[in-house]
Amino acid sequence: MKLSAPIRTLTAAALVTSGLLAMPAATAATTSEESAAAAAPDIPVADVKAHLGELQKIAEANGGNRAHGQPGYKASIDYIKGKLDAAGFTTTVKEFNSGGATGYNLVADWPGGDEGQTLMAGAHLDSVESGPGINDNGSGSAAVLETALAVSREQLKPAKHLRFAWWGAEEQGLVGSRNYVNSLPDADRSKISGYLNFDMIGSPNPGYFVYDDDPAIEKVFKDYFAGLDVPTEIETEGDGRSDHASFLDAGIPVGGLFTGAGNTMSSEQAQKWGGKAGESFDACYHSDCDTTENINDTALDRNSDAVAHAIWQLSS
Ligand code: DTR
Ligand code: CA
Ligand code: ZN
Ligand code: ZN
C-alpha cells in the first residue's frame, strides 16, 4: 500500500474543506490547487499483470508473438477493445496498411469533457515477431488500459476530454501513430492538449526515466516520483523512437515514462535505483524471453500509478 503525496494532499484538502483543519493560506492555496485535481486512485498492479497474462496467452495461441500483420496483434486489439466497451468507452478501430499487411489502431474516448482540449494517453500494442512483447510493450498497453478502466470505475468527469489509444506497427517505424496523426485534420490536432506515451514501463532491471519534451508534463511525472522518494532521470535514449514522436512532430506537447531497454545500467544508476550495474535494463528486449517473467512488479506498479496521477492531474 503506498501513501503518496497526492493522497496526503487530498486528505488535507478534505479536512480544510470541512473546516476541521485551518491551514496557513499558502498551504491551503497549494492544497486547493492540487486538490482541484482530486488524487488519482491506486492502480492495482495485480490488475495490470492480469492483462499481461492475457496478452501472453494470446501470443502463445498465435505463433508466439503479437506482431503487426500476425493474428496475435488483432487478437490483442480485440481483448483491449472488449474491456473498454464493457466500461462505457466509445471505441473505434482504425485500419491502415503497412508492408502489405493490415494494421489496426484502437482509439477509446471517455464521453464528456471539453473536446477542444483533449488529453491523450497511449501505448503501442504490437510486439516484434521474435516474442510476446510483454514489457515491450504489453506493460505500457496494460497500464494505459487499467488507467482507463479506473476512469470508468471512478466515473471521472474531468474538464478536458480524455482519449486513450493503442497503436499498431510501432515496431515497423511508428506507422500506426503516424497514420493517426497524419489523418487528423489540422483543426483537430490543435485540440489535443497533450499526448502521454508509455513504452516499456516494467523493465526487469528498471531505471526511472521521464521524457523531457514538455516541461509542464515532465514536472507532473517528476513531482509524482519525488513524492515516492524515487529519483528520476531525463529520458534521452528514446528521442524519436516511440509513438510520442508522431505527436511531437505535429507540434503537440508530449511526455511519458520509460524503464529502459537494451542499454546497460551504470553503477551510479544502480546506486540510486537498487538495480544491477553492468546489466541491461531489459536483457530480453526484442527477444523471445520478453514474457510475463520479464517484468519488475515494483516498477510496473509505480509507473501505472504515475500514469493515473498524470491523467487525473492534466485533465482537470
Ligand atoms: N520501446 C522501444 C523503443 C525505445 C527504445 N528506447 C526507448 C526510449 C524511450 C521510449 C521508447 C524507446 C521499441 O518499441 O522498440
Ligand atoms: Ca498501484
Ligand atoms: Zn520494440
Ligand atoms: Zn516499444
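Please compute the per residue accessible area over region 165-223 with all protein chains in place, 1.4 Å probe, rounded to a whole number of Å².
With the other protein chains kept in place, region 165-223 gives 34 Å² per residue.
Count the net charge of all other residues whose Cβ sits under 11 Å from the Cβ of Y104, scoring Lys and Arg as +1 and Asp and Glu as -1.
Once positives and negatives cancel, what remains is 0.
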Anchor K81: aspartates and glutamates whose Cα lies under 16 Å away (excluding residues fewer than 8 positions away in-chain)
E54, E95, D109, D126, E146
Express in whole angstrom the spacing between the alpha-carbon centres of region 192-223 and region 75-97.
24 Å
Using θ = phi - 60° and the Karplus relation 6.51 cos²θ - 1.76 cosθ + 1.60, list the HN-Hα couplings for region 53-65 in order, rounded to whole Hz, with x at every Gly or Pro.
x, 5, 5, 5, 4, 4, 4, 4, 8, 9, x, x, 8
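When ranked by the protection proxy of mean other Cβ atoms within 10 Å per residue, highest first, what sequence do the peptides 141-147, 110-116, 207-213, 162-168 form?
Numbers: 141-147: 28.3, 110-116: 14.9, 207-213: 22.1, 162-168: 26.6.
With the highest mean Cβ count within 10 Å placed first, the list reads 141-147, 162-168, 207-213, 110-116.
Report the relative contact order of the chain, percent, no decimals, based on alpha-carbon pairs under 8 angstrom and at least 6 residues apart. Kindly include the intermediate steps, with their values, before the conclusion.
Working: 655 pairs, mean separation 68.6, N = 316.
Computed value for the chain: 22 percent relative contact order.
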Sequence-distant or interchain residues sharing an amide H contact under 5 Å with G256, placed H: which?
N197, Y211
Between K219 and K276, the FRET efficiency computed from the C-beta separation at R0 = 22 Å comes out, to the nearest 0.05, as 0.15
Value at 222 nm in deg cm²/dmol, rounded to 500, when DSSP H runs of n ≥ 4 in the chain each add -39,500 (n - 2.57)
-12500 deg cm²/dmol
Quote the charge dipole size of the chain about the Cα centre in Debye, to the nearest 20; the model charges only the Cβ of Lys and Arg (+1) and of Asp and Glu (-1).
740 debye
Placing each pseudo-label 7 Å from Cα in the direction of the beta carbon, C289 and N97 end up separated by a distance in nanometres of 4.0 nm
Report, in whole Å, the centroid distance computed from the Cα atoms of region 137-160 and region 257-272.
27 Å
Can you give the alpha-carbon Rg of the chain over 2.2 N^0.38 Å, where N counts its residues?
0.97
Which one, S280, S304, S190, has the greatest fluctuation when you compute a Gaussian network model over the chain with C-alpha springs under 10 angstrom?
S190
How much length is gained on full extension from A61 to S152, taking 0.36 nm per residue of separation minus their Cα-Cα distance?
29.8 nm
Report the label-to-label distance for S190 and T298 in nanometres (one decimal), using points 7 Å from each Cα along the Cα→Cβ vector.
4.7 nm
Using a Gaussian network model on the chain with a 10 Å cutoff between Cα atoms, which of L149, L228, L119 fluctuates the most?
L228
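Work out, step by step, the length gained on full extension between A50 and D229: first 0.36 nm times the residue separation, then minus their alpha carbon distance; give nm to one decimal.
61.7 nm
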Tell me, what ³J(HN,Hα) does each residue in region 43-49 have, in order and in whole Hz, if you take phi through Karplus 6.51 cos²θ - 1.76 cosθ + 1.60 with θ = phi - 60° and put x for Gly and Pro?
9, x, 5, 4, 6, 5, 5
Total formal charge among the other residues, if their Cβ is under 13 angstrom from that of G207, Lys/Arg +1 and Asp/Glu -1
-3
What's the carbon and sulfur percent of the chain's accessible surface, probe 1.4 angstrom, rounded to a whole number?
50 percent
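N303: net charge of surrounding residues, Cβ under 12 Å, Lys/Arg +1, Asp/Glu -1, itself excluded? Walk me through the intermediate numbers first.
Details: positive: R302; negative: E146, D199, D297, D301, D305.
Value of the local net charge: -4.
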Fraction of beta bridges assigned by DSSP in the chain that are antiparallel (%, nearest 5):
45 percent
Expected output is a single nm value to one decimal: the length gained when fully extending between S267 and N182, i.e. 0.36 nm times separation in residues minus the C-alpha distance. What is it?
26.4 nm
GNM, the chain, Cα, under 10 Å: largest mean-square fluctuation among V230, V254, V48?
V230
Short version: ³J(HN,Hα) in whole Hz for each residue of region 73-89, in order, from phi by Karplus 6.51 cos²θ - 1.76 cosθ + 1.60 (θ = phi - 60°), x for Gly and Pro, what are they?
6, 4, 5, 5, 4, 4, 5, 4, 4, x, 5, 6, 4, 5, 9, x, 7
Viscosity 0.692 mPa s, 37 °C: Kirkwood-radius Stokes-Einstein D of region 64-184 over Cα pairs, µm²/s:
228 µm²/s
Which shape class, rounded, prolate or oblate, goes with region 99-152 when its Cα gyration tensor gives a ≥ b ≥ c as root eigenvalues, a/c under 1.5 marks rounded, and past that a/b bigger than b/c marks prolate?
oblate
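The values are calculated or read from the model by the stated rules, or taken from the named source; none is laboratory data. Just so you know, these numbers come straight off a predicted model, no measurement behind them. Counting neighbours? That spans all protein chains shown, and the Cβs are built from the backbone with ideal geometry, glycine included. When the accessible area is computed, the model is the full protein with side chains, heavy atoms only, and any ligands, DNA or RNA have been set aside. Shrake-Rupley method; radii C 1.70, N 1.55, O 1.52, S 1.80 Å.
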